[in-house]
Amino acid sequence: MPPLLETERLILRPYTEADIDSAFEVFEGHPDVWRFDPGYARTREQRAGLIRGLIRSNEEDGEGTLAITLRDSGQFIGQAGLQLYILPWEPFATPEVELYYKLGRAFWGQGYAAEACRALIDFAFGRMRLLRLVTVTQPDNRYSLRLLQRLGMSLAPAPDPWKPAVIGVLLNPRLRLG
């Protein structure tokens, strides 16, 4: 992950210990935020453990989640990142990189998620030269589905192990196969 991504209104940066209280308030403060992931509100201690794990991950291997803050005020509003995984149900699967995001409820509907995701997409396709990105969401998460469509992702039902999830796929327009 890059050390910092800047957009017109946002700064995406590695987490710090100072983000723990803000992340707890933003992510656990409204059921719309945690309803799909993880499906329950976490305690402050659970959220702190997650943030500390993200800090370690960024320090150890440069991978992980970036805190999203408002450029003008520095206010924490969410997180976004890229994560590597291999689909366990495909015996000859190649690694996939998932684009993921989460914003506090008060920041929905203002274009912040799209802006943060576009910065990560530009980084993934430009600097990393990835062929494609995927995102997994639930079929009744209409806000997420709408965002994936705005980002230009094609949507398809997930394979059996993840049903009823929906997978969004975005191909790098700068790279051509064959």
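Numbers at a glance
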item: Filter result (within 16 Å of Lys102 (Cα to Cα) and among the charged types (D, E, K, R)) within region 22-50; result: Glu25, Glu28, Asp32, Arg35, Asp37, Arg42, Arg47
item: Index of the failed condition, Glu8 passing every other in (1) assigned to a helix (DSSP H, G or I); (2) within 17 Å of Ala80 (Cα to Cα); result: (1)
item: Residue selected from region 82-99 under the condition surrounded by 13 or more Cβ atoms within 10 Å (Cβ to Cβ) and at pLDDT below 95, by the criterion farthest from the chain's Cα centre (by Cα); result: Leu87
item: From Gly62, Gly74, Gly49, residue being at positive phi, at pLDDT 95 or above and surrounded by fewer than 16 Cβ atoms within 10 Å (Cβ to Cβ); result: Gly74
item: Boolean, Pro3 is out of contact with any Phe, Trp or Tyr (no Cβ under 8 Å at 6 or more places or on another chain), exposed (fewer than 12 other Cβ atoms within 10 Å of the Cβ) and within 24 Å of Asn141 (Cβ to Cβ); result: no
item: Selected residue (only one of Phe123, Phe76 is touching a helix residue (DSSP H, G or I) at 6+ places or on another chain (Cβ under 7 Å) and over 19 Å from Gly39 (Cα atoms)); result: Phe76
item: Residues (in a helix (DSSP H, G or I), surrounded by 12 or more Cβ atoms within 10 Å (Cβ to Cβ) and over 16 Å from the mean Cα position of the chain (by Cα)) located in region 33-46; result: Arg44, Gln46
item: Near pairs, Cβ below 8 angstrom, 6+ apart or cross-chain, from region 71-93 (over 30 Å from Glu8 (Cα atoms)) to any residue that is charged (D, E, K, R) and modelled with pLDDT of 90 or more; result: Tyr85/Glu98
item: Matching residues in region 139-178 - criterion: being without any contact (Cβ under 8 Å) to a residue 24 or more places away in the chain, under 22 Å from Gly111 (Cβ atoms) and among the charged types (D, E, K, R); result: Arg142, Arg146
item: Condition check for Ile51: out of contact with any Ser or Thr (no Cβ under 8 Å at 6 or more places or on another chain), outside any loop (DSSP other than H, G, I, E, B), over 24 Å from Gln110 (Cα atoms) and of a type in the set (Val, Ile, Thr); result: yes
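The values are calculated or read from the model by the stated rules, or taken from the named source; none is laboratory data. Everything numeric in this text was worked out from a predicted model, so none of it was measured. Here the Cβ is made from the backbone with ideal geometry for all residues, glycine too, and neighbour counts use every protein chain on show.
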